[in-house]
Each structure stands twice: as C-alpha cells, then as structure tokens.
Amino acid sequence: MPTRTSAVVATPTNAGKTEPVQVVFGDRIMYIVNMVNSKAILSNDGCYISFSFNGRTIRFKGPYSLVKIAKVKEWDNGYLVVDAVYSQNKDKLVEDYIDLIPILKDLYIDPEHFLQPIKSVEVDNVRATA
C-alpha cells in the first residue's frame, strides 16, 4: 500500500515573494494546494452543478427542477447547505443539501486530501436556465 506524505515547498510569485504550496502525495494522485487560496466555487447550469477548486472541476447532476443555487449557507468539509431556487416556486429560496464525499469517492478522488485545504465555498457564475 502506498504511503501518504506531504511536503511544503515555496514558489515565486510575480512580486518576487514566495507563497507556501503544499504538495500532497496520495495513492496515485499528487495534489498541489496553494495555501493562500482556500476558496472553492459552486455554480450551476440548470440542473448540472459544478464544484471547482485548485484547477479541478467536478460536475454532477442535481434535481431536474433546479433553477439556480443562490447562496452557500454552510460548508462542513464536504457537506454543503445551500439556498436554491426551483422551477416549482421561483420566488422562494429553498434550503437544500449537497454531500460531495460520495461523489468524490465515485470519481476515485480521495475526499480527505481533496477537501482538507478548502476553508470556504462561494457561489459564482450562476447561469440559471428554466
């Protein structure tokens, strides 16, 4: 069984300073995590939901009636509480829940290493389709 290790290296920035970058070696995947940018982006295009972090985007299907994800209310290491708008009632926000851990496991992505550096999630680039 492969071992999991991590190392901290420095990379030059455009201002001549260095920013810490964590390199995490998983089973067969190397994650490079910028320690300064710890924000993930959640967006949707109709019923398709995208979760983006560290140059990787995971896209999965949500409810058929999803119009838009309006706001992330809570982030708990892979579990999201969001306010969403659905086609049945477009003038009302509905609290909904997204669990990323089973999605990541189905994609053979180690949830522990992928989610660990994420400190917040924001909604961005919402393209609502009805």
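Taking the Cα centre of the stretch 37-123 as the origin and placing charges on Cβ (Lys, Arg +1; Asp, Glu -1), which of F51, W75, Q116 is farthest toward the positive end of the dipole? Working it through, the farthest residue towards the positive pole turns out to be F51. Taking a ≥ b ≥ c as the square roots of the eigenvalues of the Cα gyration tensor, the stretch 37-123 is prolate, since a/c reaches 1.5 or more and a/b is larger than b/c.
Counting DSSP beta bridges in the stretch 37-123, what percent are antiparallel, to the nearest 5? Bridges in the stretch 37-123 that DSSP calls antiparallel: roughly 85 percent. Listed by Cβ neighbour count within 10 Å, with the fewest neighbours leading, V82, V123 appear as V123, V82. Could you let me know the centre-to-centre spacing of the stretch 103-121 and the stretch 66-89, using Cα atoms, in angstrom? Taking the Cα centre of each part, the stretch 103-121 and the stretch 66-89 sit 18 Å apart.
Bear in mind these aren't lab numbers, they're just calculated from the coordinates by the rules spelled out. What you see is a predicted model; the values in this text were computed from it and never measured. A quick note on method: Cβ atoms are made from the backbone with ideal geometry, for glycine too, and the neighbour counts reach across all protein chains shown.
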